[in-house]
Amino acid sequence: MKVLVTGAGGFIGRALVPVLRAAGHDVVATSRDAATVIPGVTVKAGFELGPDTDWAPALGGARAVIHLAARVHVMDDRAADPLAENRRINRDGTAKLARDAAAAGVGRLVFLSTVKVMGEQTPAAAFSETDTPRPGDPYAIAKHEAEQALRQIADETGMEIVIIRPPLVYGPGVGGNFAALLALCANGWPLPLGSVNNRRSLIYVGNLVDALCAVLQNPAAAGKTYLACDGDGISTAALIGEISAALDRAGAPGRRPVLWPLPPALLRLLAALAGKSALAARLLGDLRLDDSALRRDLGWTPPFSMVQGLKETAAAFAATEKDRK
């Protein structure tokens, strides 16, 4: 089957494309960057996600679309109007792609959304697909509105929509906050997180890719919204311990961090005084996902354990650090 993958040159896209090709799919990869090279795949460059992009040249013959491209979430958004910019790209750009795809005869579009549309924390039970979305920032609001636009387009055109809402994704080549955490663990900085006993769901990029492939053609996934994660959540302190152990096994240079047992309430107070309450919420709060619907409907189970995922992530980080020396 011919599959168009948007954002194929990104962190998730580079992991997804080889798996699709190995499964026998004919992959068309789009990127906004003309310098993007993906081995074995023809990359169509110059496709900027936005409300005016003409996707027809990339959609010819495609039977499915996996839409990964997005204006990514950033902690300190410098746009003059972050909500308007997120809506322009992530909502209106996604809707334009979907309408072009439907016009081209695409049967199914898989949209990579985010668990952030559900909210930032789970104070009680884990999030499930039936919970009322409560997006809290411009990125999450625009992603939620994109989901709504896709459902309307599906009703109007008959094209099938499948939505995946993952938590934080990690794996070889990961950037952002997870890359910063890897560096902290490798450099041995003392971290005041020893008493943090929260639970946060994560997903290894290999597991996310497997979930995307699982919903690509399965009739049971049509019109569904799914959460996906590695399994049980992990505390921030335990995650640091697992990362450190994985870095040790990978032979990464540096010292392992010392975890100080400061009370979480004190950490929240200090973070608030420093203007870092959002960061503290991510480190100290719960964000748990219940992905039983995906497992039940499609018989899906993550092919990689968190230990395996962290092992691969740490090995890639260690190799990069050694190359820098």
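The values are calculated or read from the model by the stated rules, or taken from the named source; none is laboratory data. Every value quoted in this text rests on a predicted model; they were computed, and no experiment measured them. For neighbour counting, all protein chains shown are included, and Cβ atoms are generated from backbone atoms with ideal geometry for every residue, glycine included. Each accessible area value is taken on the protein alone, full model and side chains, heavy atoms only, with ligands, DNA and RNA left out. Shrake-Rupley method; radii C 1.70, N 1.55, O 1.52, S 1.80 Å.
Observations, loosely collected:
- Histogram of C-alpha separations across the stretch 69-141, 10 Å bin width, %: 17, 40, 31, 11, 0
- A crude spin-label estimate for the pair T320 and Q152, with each label 7 Å from Cα along the Cβ direction, gives 3.9 nm.
- For q = 0.15 Å⁻¹, Debye-computed log10 I/I(0) when each Cα of the stretch 109-187 counts as one equal scatterer: -0.67
- When the helices of the chain are scored as -39500 (n - 2.57) per DSSP H run of n ≥ 4 and the total is divided over every residue, the value at 222 nm lands at -12500 deg cm²/dmol.
- Once C-alpha pairs closer than 8 Å and six or more residues apart are averaged by separation and normalised to the residue number of the stretch 1-99, the relative contact order reads 31 percent.
- By accessible area, using a 1.4 Å probe on protein heavy atoms only, the chain has 54% of its surface on carbon and sulfur.
- Å² per residue, accessible surface of the stretch 148-278 at 1.4 Å: 43 Å²
- Backbone amide hydrogens, once placed in the peptide plane, bring T225 within less than 5 Å of I163, excluding anything fewer than 5 places away on its chain.
- Peptides 7-20, 287-300 ordered by packing proxy, namely the average of other Cβ atoms within 10 Å per residue, highest first: 7-20, 287-300.
- Simple point charges give the picture: +1 on the Cβ of Lys and Arg, -1 on the Cβ of Asp and Glu, and for the chain a dipole about the Cα centre of about 620 debye.
- Of A22, A69, A245, the one that fluctuates the most in a GNM where the chain has Cα springs shorter than 10 Å: A22
- A protection proxy built from the mean count of other Cβ atoms within 10 Å ranks the segments 90-103, 112-125, most packed first, as 90-103, 112-125.
- Average accessible surface area per residue within the stretch 1-123, 1.4 Å rolling probe, Å²: 43 Å²
- Screening the chain for DSSP H helices whose Cα atoms reach 24 Å or more along their own axis and whose mean Kyte hydropathy is at least -1.0 gives 138-157, 306-324.
- Between R199 and A80, the contour length at 0.36 nm per residue exceeds the Cα-Cα span by 39.4 nm.
- Label-point separation, L273 to V19 (7 Å along Cα→Cβ), nm: 4.5 nm
- Share of pairwise Cα separations in the stretch 259-325, more than 20 Å, in percent: 62 percent
- Our estimate of slack between K44 and E120, defined as 0.36 nm per intervening residue step minus the Cα-Cα distance, is 23.8 nm.
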